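Worksheet for the structure shown next.
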Amino acid sequence: EGGGKLKVPCLRIEEDGKVSWMYESSDIINYLEDRFAVKAT
């Protein structure tokens, strides 16, 4: 059960009961930074 592509890197994202796949390195980095970066106060 996967995203349908044999490609590395890839990121499996589960949100609101839906699964999506991200394959571009820069997109993965941006997503992770936006989602998990520590915000400076």
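Looking at Y31, is it surrounded by 10 or more Cβ atoms within 10 Å (Cβ to Cβ), hydroxyl-bearing (S, T, Y) and at pLDDT 95 or above? In short, yes.
Just give me the residues in region 1-16 being assigned to a loop (DSSP other than H, G, I, E, B) and at pLDDT 95 or above, in sequence order. Selection gives D16 alone.
Which members of region 22-38 meet the condition of being β-branched (V, I, T) and under 16 Å from V8 (Cβ atoms)?
I28, I29
Considered as a group, the residues in region 17-28 that are in a loop (DSSP other than H, G, I, E, B) and under 12 Å from the mean Cα position of the chain (by Cα) include one that is modelled with the lowest pLDDT, and that residue is Y23.
The values are calculated or read from the model by the stated rules, or taken from the named source; none is laboratory data. Computed from a prediction, not measured in an experiment: that's the story for all the values here. No Cβ is skipped: glycine too gets one built from the backbone with ideal geometry, and neighbour counts run over all protein chains shown.
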